[in-house]
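Participant: Could you have a look at this structure, given as structure tokens, before my questions?
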Amino acid sequence: IKAAAAAKNAAQKQKSSKKVEPLKIGLVTLSDIKKGRGGGPSGLFRVPSKAERDKVYKETEKAIAKLEIAQIPPHGGRPWKCRVTIKEASACTSNKKIKGKASKLSKQGPLFRWYRGKLELACLPNIIEQIPETKWGRLMDDDELGINTNSLEARKSTSLTDAAMEDPNQPIIDRVWVSPLHETFRTRKSAMENAAQLSDRDKLIDKMVYGYGAKGALLRPFKPTRKQALEAGLYKFLRDGLWVVGQEESWQEDNLCEINRREALGLNPSTGEKKVENRYLRPVEEFMLSKRDELRNFRLAKMTESGISAKDQKYAYKDAHKELREIWREMSGAERDLWR
């Protein structure tokens with residue numbers, strides 16, 4: 001036992017004595033930027049030109065803002081806004097903390113990389129993956145967001161981007177969320193809490209003013225209470241700047257006529273369709289519903305082969321949906337057209 005322990009200690013000393021080669025960082029000049037390549041064999045680079053770095057920051061800010069907004073539902077058809085500002089660490093750090101060689105590096109900003117002839121912030125894919133996906137965000141399709149395989153928002157993290165995240169000169173990303181009611185929020189948590197409240201207001205307005213229930217179902221006439229009418233009126237005034245007394249009852253006669261017409265035709269009185277199962281599905285929904293059982297069974301079978309007991313196997317439909325959405329994002333336009 002002592003001999004084995006001594007051998008282990010010797011191996012650890014030998015391993016610690018080996019020098020870890022530092023990551024080689026290239027330098028991109030203005031002429032390299034014009035060519036769309038250059039800076040050396042390394043995959044990571046510094047950019048001495050502050051003006052060129054600012055150009056990359058502007059595009060990066062737009063990409064981050066687009067993904068942040070996609071996670072929050074609109075209010076009354078008006079989307080949220082997210083103001084993103086990228087600052088360099090050197091601009092927010094006192095000179096006492098940055099000295100010598102580190103001071104020179106900080107003046108050249110964070111690490112960048114080439115991607116199809118353009119400079120990009122190397123750690124952007126990792127920053128994107130840190131944005132939590134919400135229930136609303138999972139419903140949004142890349143086509144609706146205007147994202148394709150060449151978009152900054154579609155970048156995936158690699159070992160190179162992971163290495164860039166370890167760089168001490170990480171950019172500082174400042175986010176400010178602005179609601180459709182022009183309220184500002186400095187944290188994502190407070191913005192999400194406010195968005196949930198606005199969503200509940202929209203549901204109340206749809207129910208009281210327009211006669212629509214959950215998922216757009218047509219409601220039968222009912223008598224709203226005074227409290228409900230006043231509350232819906234206040235929220236509609238705050239949202240649209242317009243409210244008419246008695247508006248909460250204006251939809252009821254039209255709804256009753258439409259419900260009677262649908263029932264006479266043998267249709268669902270709420271949705272107007274023959275069967276709820278036959279509702280129109282978006283291509284991405286059709287794809288996920290068609291493939292989720294197959295994928296889930298495949299993953300559970302793999303777990304069984306790995307020796308994981310049925311009790312400990314965890315792979316729900318939401319896990320399958322998340323994995324299938326990633327597959328959908330990587331599919332070509334021709335492959336997506338097959339599901340339209």
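Participant: Report the extension gain between SER332 and LYS311 in nm, rounded to one decimal, defined as 0.36 nm multiplied by the number of residues separating them, less their alpha carbon distance.
Facilitator: 3.8 nm
Participant: How big is the charge dipole of segment 155-213 about its Cα centre, in debye rounded to the nearest 20, if each Lys and Arg gets +1 on its Cβ and each Asp and Glu gets -1 on its Cβ?
Facilitator: It comes to approximately 200 debye.
Participant: In addition: In nm, give the distance between the simple-model label positions of GLN170 and LYS118, each being 7 Å from the Cα along the Cα-to-Cβ direction.
Facilitator: Between GLN170 and LYS118, the simple spin-label model gives 2.5 nm.
Participant: Given the Cα-Cα distance of GLU285 and THR304 and 0.36 nm per residue of separation, how much length would full extension add, in nm?
Facilitator: 4.0 nm
Participant: Would you mind putting 63-75, 151-163 in packing order, based on average other-beta-carbon counts within 10 Å, highest first?
Facilitator: Descending mean neighbour count gives 63-75, 151-163.
Participant: Accessible area of TYR212, 1.4 Å probe, to the nearest 10 Å²?
Facilitator: About 100 Å², rounded to the nearest 10.
Participant: Here's something else I'd like to know. Grab the Cα-Cα distance for ASN126 and LEU265, subtract it from 0.36 nm times how many residues apart they are, and report the gain in nm with one decimal.
Facilitator: Going from the current span to full extension adds 44.6 nm.
Participant: Could you work out the pair-distance distribution P(r) of segment 133-235 from its alpha-carbon pairs, with 10 angstrom bin width and percents rounded to whole numbers?
Facilitator: Using 10 Å bins, I get a P(r) of 11, 25, 31, 18, 9, 6, 1 for segment 133-235.
Participant: Heavy-atom accessible area of SER332 with all protein chains present, probe 1.4 Å, nearest 10 Å²?
Facilitator: 60 Å²
The values are calculated or read from the model by the stated rules, or taken from the named source; none is laboratory data. Nothing here was measured: the structure is a model prediction, and the numbers come from that model. A quick note on method: Cβ atoms are made from the backbone with ideal geometry, for glycine too, and the neighbour counts reach across all protein chains shown. Ligands, DNA and RNA are excluded from the accessible area calculation, which covers all protein heavy atoms including side chains. Shrake-Rupley method; radii C 1.70, N 1.55, O 1.52, S 1.80 Å.
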